[in-house]
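Participant: Sending over a structure as C-alpha cells; questions will come in a sec.
The values are calculated or read from the model by the stated rules, or taken from the named source; none is laboratory data. Here the structure is a predicted model, which is why all the values come from computation and not from measurement. Cβ sites come from the backbone with ideal geometry, for glycine too, and all protein chains shown count toward neighbours. Quick note on the areas: whole protein, heavy atoms, side chains included, nothing else; ligands and nucleic acids left out. Shrake-Rupley method; radii C 1.70, N 1.55, O 1.52, S 1.80 Å.
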Amino acid sequence: MSLDNSKENILQPLSDIDVAFMREAMSLAALAEQIDEVPVGALIVRDGEVISRAYNTREHSKCATHHAEILAIEEACRVLGGWRLPGCTLYVTMEPCAMCAGAIINSRIPRVVYGAPDLRFGAFGSLINLAELPLNHKPEIIGGVLGEENVEILRAYFKKKR
C-alpha cells in the first residue's frame, strides 16, 4: 500500500479536528489488532461529539458484514433513533469497500474522512468511486488523512500474518 499510487480524493484542507478524530479511529484500529482482526477503526461524529465507535470484528463474529464502518453506522442509527445520519462525519482508518460505501450512501452520511487508500477494494476513489455515480446522495470524501501512518499500521499487521 502506498499513498503515491492512490487516486486520493481530498476536497478540502485538513483540519486539526479531522486529525484528532482520525487519531481516535486509529486507537480503535489498535483494539482490532489486539484481537487479531484487520486493524481498521471507525467513529461517527455529529456536532463535534462522537456518537459511535467501532472496529473490525469479522473473524470473531464470523460475520462478513462486521466491518468497522457498518458497526459504527448501526450504533449511530441506534443512538440517533433513525436510519438517516444527517450532519455526521464518518472517520475510518482505511478507505471503505463497496459494501461500506453503499451503507454510507444509504444512511445519508454527508462526509467521510479516511486514512489509508485500499487499492484492492476501495470504493471512494482507489478502485472505484461510488460517490461519483448518479445516486440520490453524494457524500463529501476526504482521503489520505494520516494516510502514511494508517498504511504502515496495515502493512505491519499483514507482515506479521505472513
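Participant: Looking at the range 139-162, which of the residues that are charged (D, E, K, R) and in contact (Cβ under 8 Å) with a residue 12 or more places away in the chain is least open to solvent (accessible area, probe 1.4 Å)?
Facilitator: It comes out as Glu140.
Participant: Okay, moving on. Restricting attention to the range 35-43, does a residue exist that is of a type in the set (A, V, I, L, M), at pLDDT 95 or above and assigned to a helix (DSSP H, G or I)?
Facilitator: No, because not a single residue in the range 35-43 is of a type in the set (A, V, I, L, M), at pLDDT 95 or above and assigned to a helix (DSSP H, G or I).
Participant: Which members of the range 63-85 meet the condition of being open to solvent by 50 Å² or more (accessible area, probe 1.4 Å) and in a helix (DSSP H, G or I)?
Facilitator: If the condition is that a residue be open to solvent by 50 Å² or more (accessible area, probe 1.4 Å) and in a helix (DSSP H, G or I), then Glu74, Glu75, Arg78, Val79, Leu80 are the ones that fit.
Participant: Can you give me the number of residues within the range 15-46 that are open to solvent by 40 Å² or more (accessible area, probe 1.4 Å), in contact with a helix residue (DSSP H, G or I) (Cβ under 9 Å, 6 or more places away or on another chain) and farther than 25 Å from Phe158 by Cα?
Facilitator: 1
Participant: Does the range 123-137 contain at least one residue that is in contact with a Cys (Cβ under 7 Å, 6 or more places away or on another chain), closer than 19 Å to Ala54 by Cβ, crowded, with 21+ Cβ neighbours inside 10 Å and in contact (Cβ under 8 Å) with a residue 24 or more places away in the chain?
Facilitator: For the range 123-137, residues in contact with a Cys (Cβ under 7 Å, 6 or more places away or on another chain), closer than 19 Å to Ala54 by Cβ, crowded, with 21+ Cβ neighbours inside 10 Å and in contact (Cβ under 8 Å) with a residue 24 or more places away in the chain: present.
Participant: Please verify whether Gly115 is outside any strand (DSSP E or B), of a type in the set (Gly, Ala, Ser) and closer than 22 Å to Arg23 by Cα, treating the condition exactly as stated.
Facilitator: For Gly115, the condition - outside any strand (DSSP E or B), of a type in the set (Gly, Ala, Ser) and closer than 22 Å to Arg23 by Cα - is not met.
Participant: Condition test on His60, is it within 27 Å of Ala156 (Cβ to Cβ), modelled with pLDDT of 95 or more, touching a His at 6+ places or on another chain (Cβ under 9 Å) and not in a helix (DSSP H, G or I)?
Facilitator: no
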